1. Mind checking which pairs have a first residue in region 88-102 that is farther than 17 Å from Thr21 by Cα and a second that is assigned to a helix (DSSP H, G or I) and among the β-branched types (Val, Ile, Thr), Cβ under 7 Å, 6 or more apart or different chains?
2. Can you pull out the residues in region 70-96 that are surrounded by fewer than 16 Cβ atoms within 10 Å (Cβ to Cβ) and more than 11 Å from Ala27 (Cα to Cα)?
3. Would you check if Leu63 is of a type outside the set (Lys, Arg), modelled with pLDDT of 85 or more and either surrounded by 12 or more Cβ atoms within 10 Å (Cβ to Cβ) or not in a helix (DSSP H, G or I) (or both)?
4. State the number of residues belonging to region 17-41 that are farther than 19 Å from Phe75 by Cα and surrounded by fewer than 16 Cβ atoms within 10 Å (Cβ to Cβ).
5. If you check Glu102, Glu111, which single one turns out to be in a helix (DSSP H, G or I), loosely packed, with under 15 Cβ neighbours inside 10 Å, charged (D, E, K, R) and at negative phi?
6. Return the only residue of Asp96, Asp80 being closer than 30 Å to Asp13 by Cβ, assigned to a helix (DSSP H, G or I) and at pLDDT 95 or above.
Amino acid sequence: MPDDKDFLHVDWDEEFSDELTELQLEALDKIAQAIADRQMATPVMMFLETVRPLNWVTSQLMLFLEPFTAWIFGFKQIIDLRRALEKRESISVLIDKIDEYEQLRQKKLREYRKKHPGSIRRLWRKAFGKHKLSTEQQEIEN
């Protein structure tokens, strides 16, 4: 059991409010950033769109599994995430944040490719060896 003095205290106004709190938004933000960093934005966004009506059921499943997951992920983070998923707009907010972080990641990747042209081609050749280039590709290379 966590050492927090207010461990068993529940703020019922926060528990049943319709708006996302700052801590809940931070929890959603952290998840969105982790998903975008792992380049899983598109499949996760598609999954979230399909299970959008089940967000409350998911939060109740998290409540059931809370004693086990609290020791792994941190008790306050799990509670904030569960409370966020109880709200209707949380899935929309999460999808928007994932999309925002994914666009930021792609922008950084495009900037890197502009600064380092041909780096992907060099990595491909290093991994798989040189292959026979067409005359147009040879002209581009030289």
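The values are calculated or read from the model by the stated rules, or taken from the named source; none is laboratory data. If you're wondering where the values come from, they're calculated on a predicted model, not measured in any experiment. We place every Cβ from the backbone using ideal geometry, glycine too, and count neighbours over all the protein chains shown.
1. Ile98/Ile35; Ile98/Val44
2. Answer for region 70-96, where residues must be surrounded by fewer than 16 Cβ atoms within 10 Å (Cβ to Cβ) and more than 11 Å from Ala27 (Cα to Cα): Trp71, Ile72, Phe73, Gly74, Arg88, Glu89, Ser92, Asp96.
3. Considered against the rule, which asks whether it is of a type outside the set (Lys, Arg), modelled with pLDDT of 85 or more and either surrounded by 12 or more Cβ atoms within 10 Å (Cβ to Cβ) or not in a helix (DSSP H, G or I) (or both), Leu63 comes out as no.
4. 7
5. Just a single option satisfies the conditions, and that option is Glu111.
6. On inspection, the qualifying residue turns out to be Asp96.
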